[in-house]
1. When the residues of the range 1-41 are filtered to those that are under 30 Å from Leu86 (Cβ atoms) and either β-branched (Val, Ile, Thr) or touching a residue at least 12 places away in the same chain (Cβ under 8 Å) (or both), which remaining residue is surrounded by the most Cβ atoms within 10 Å (Cβ to Cβ)?
2. Does any residue in the range 123-137 that is on the phi < 0 side of the Ramachandran plot come within less than 6 Å, Cβ to Cβ, of a residue that is open to solvent by 20 Å² or more (accessible area, probe 1.4 Å) and not polar (S, T, N, Q) six or more places away or on a different chain, and which pairs are these?
3. Is it true that Leu75 is touching a residue at least 24 places away in the same chain (Cβ under 8 Å) and touching a Leu at 6+ places or on another chain (Cβ under 9 Å)?
4. Which of the residues spanning the range 48-58 are farther than 16 Å from Ala98 by Cα and open to solvent by 40 Å² or more (accessible area, probe 1.4 Å)?
5. Can you pull out every residue in the range 15-47 that is over 30 Å from Ala98 (Cβ atoms), within 24 Å of the chain's Cα centre (by Cα) and of a type outside the set (A, V, I, L, M)?
6. Would you be able to tell me the number of residues in the range 132-146 that are in a helix (DSSP H, G or I) and either modelled with pLDDT under 85 or not charged (D, E, K, R) (or both)?
7. Got a number for residues in the range 108-131 being assigned to a helix (DSSP H, G or I), of a type in the set (A, V, I, L, M) and open to solvent by 40 Å² or more (accessible area, probe 1.4 Å)?
Amino acid sequence: MGGINWEIVSALANVVMAMTAVIAAWYGLRQYRASLRIQELEQIDNIYRSGIDVVTNNPPKEWDFASMKRVIDHLELQERRIAYGLISARALEFYRDAASINGDFVDIPADNLKLIRSILQADLRGYRHLIASLQKNQKTAYIVDW
């Protein structure tokens, strides 16, 4: 019997440390992916809740300058988040569908259209992201066609 071969012991210890690092990296990646999914769901929930709050506080039959401005400000905030890349692709799709910017867009009554245009025209720079988004879609381009 020759005793303990320390080179083999050292090599085995190195293998154990390398495997531990691989397992830790794999687990970290799984946690990161789960974190991204949770963040995405929180973005969708935030968009939904803030949209509901705006509409609940401003019933559609009572649109005046202040209530319409709150809705437009809310939409501009979402468009800025999109422009700055702060919203995931799924949250973006949810927002566009919820705001009807991508799909079936309902025609806006003439009085409300005038009100929307007056608000947007009063601050073209402040609402630039919303205006650009409306211009991109054929169904909504008429809103900012002044």
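The values are calculated or read from the model by the stated rules, or taken from the named source; none is laboratory data. Small disclaimer: the values here were computed from a predicted structure and weren't measured. Note: ideal-geometry Cβ built from the backbone for every residue, glycine included; neighbour counts use all protein chains shown. Each accessible area value is taken on the protein alone, full model and side chains, heavy atoms only, with ligands, DNA and RNA left out. Shrake-Rupley method; radii C 1.70, N 1.55, O 1.52, S 1.80 Å.
1. Kept after step one, since they are under 30 Å from Leu86 (Cβ atoms), are these residues of the range 1-41: 24-41.
Restricting the remaining residues to those that are either β-branched (Val, Ile, Thr) or touching a residue at least 12 places away in the same chain (Cβ under 8 Å) (or both) gives 36, 38-40.
Values: Leu36: 11, Ile38: 10, Gln39: 12, Glu40: 16.
Here the residue is Glu40.
2. Within 6 Å, the pairs are His129/Arg80; His129/Ala83; Leu130/Leu75; Gln135/Ala141.
3. Working: touching a residue at least 24 places away in the same chain (Cβ under 8 Å): yes; touching a Leu at 6+ places or on another chain (Cβ under 9 Å): yes.
Yes.
4. As a first pass, look at the range 48-58 and keep what is farther than 16 Å from Ala98 by Cα: 57-58.
Asn57, the sole residue that qualifies.
5. Arg30
6. Of the residues in the range 132-146, 8 are in a helix (DSSP H, G or I) and either modelled with pLDDT under 85 or not charged (D, E, K, R) (or both).
7. The initial filter retains those residues of the range 108-131 that are assigned to a helix (DSSP H, G or I), namely 110-122, 128-131.
After this cut, where a residue has to be of a type in the set (A, V, I, L, M) as well, the list is 110, 113, 115-116, 119-120, 122, 130-131.
Right, trim to open to solvent by 40 Å² or more (accessible area, probe 1.4 Å) and you get 110, 122.
Residues flagged as assigned to a helix (DSSP H, G or I), of a type in the set (A, V, I, L, M) and open to solvent by 40 Å² or more (accessible area, probe 1.4 Å) within the range 108-131 amount to 2.
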